[in-house]
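Each remark here refers to the structure printed beneath this line.
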Amino acid sequence: MYKKLDEEYYVENPFLVHLHKLSWQIFRQNKDDPEDMKEIKSFNSSGEPVYSESVKFRENFREVILEEELKNSIKRINPWIEEDQITEVLRRITTPQANSPLEANREIHDLLLENTSVFENRKTGEKSPTVRFIDFKNPKNNSFIAISQFKVNVPGTEKHIIPDIVLFVNGLPLVVVECKSPVIANPMNEAFIQLLRYQNKRGEKEGNEKLFWYNLFMVITSSQEAR
């Protein structure tokens with residue numbers, strides 16, 4: 001318990017403080033209720049979070065993306081797009097035609113960088129208009145959400161994983177952060193092993209590969225050290 005408190009107060013919360021200063025929206029997941037995420041509006045003088053109201057981003061712990069946030073972002077970035085077209089492009093980025101997690105990751109990154117298209121812009125008649133998932137030209141047009149203790153089910157089991165911090169851009173989980181208490185023997189190595197477990201890379205069914213379909217990079221951190 002003390003190690004977990006050390007991890008939260010000396011590693012995780014300071015990381016969230018920095019994200020807050022960079023204008024990320026910060027939330028903490030209720031581990032018993034997938035629909036309950038409390039927004040952290042600020043941090044007090046001791047570095048502890050000050051909570052606001054709860055926000056619903058998902059309905060169950062199987063969901064690894066924030067679907068409504070993604071839909072709203074697609075509409076905001078592509079204001080001409082219709083609801084059925086949003087459903088069409090959403091399906092493309094959530095159901096990659098890949099045979100492995102690495103191939104799924106590459107396919108999704110291609111969509112993020114090269115964009116996709118639909119048959120027609122029904123407002124202008126333009127054929128095959130580009131649909132963007134991320135607005136690289138205007139960063140302020142994107143949403144930046146960090147969720148602490150993002151609990152996710154392990155498919156086919158009753159188990160779950162709880163990455164310490166997951167960073168979402170427009171509802172997509174692009175970064176996973178694992179924090180470790182500085183009081184344990186080898187915190188950085190322990191964090192690395194934890195990320196392997198989350199990805200199902202240890203030969204056992206103990207993680208959720210789908211969370212990493214969207215991943216750009218991972219971070220391990222303890223006290224003043226991060227990689």
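A compact table of results
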item	result
Residues of region 43-87 that turn out to be among the hydrophobic types (A, V, I, L, M, F, W, C), surrounded by fewer than 18 Cβ atoms within 10 Å (Cβ to Cβ) and in a loop (DSSP other than H, G, I, E, B), as a count	1
Residue count, region 121-180 (criterion: among the polar types (S, T, N, Q), within 22 Å of residue 82 (Cα to Cα) and either surrounded by 14 or more Cβ atoms within 10 Å (Cβ to Cβ) or in contact with a Phe, Trp or Tyr (Cβ under 6 Å, 6 or more places away or on another chain) (or both))	5
Filter pass, residue 56 being basic (Lys, Arg) and out of contact with any helix residue (DSSP H, G or I) (no Cβ under 9 Å at 6 or more places or on another chain)	no
Identity of the residue in region 130-144, part of a loop (DSSP other than H, G, I, E, B) and among the basic types (Lys, Arg), that ends up nearest to residue 174 (Cα to Cα)	132
Every residue from region 44-76 that is hydrophobic (A, V, I, L, M, F, W, C) and either over 17 Å from residue 144 (Cβ atoms) or modelled with pLDDT under 95 (or both)	50, 55, 61, 64
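The values are calculated or read from the model by the stated rules, or taken from the named source; none is laboratory data. All figures in this text were calculated on a predicted structure; none of them were measured in a lab. Cβ atoms come from the backbone with ideal geometry, glycine included; neighbour counts cover every protein chain shown.
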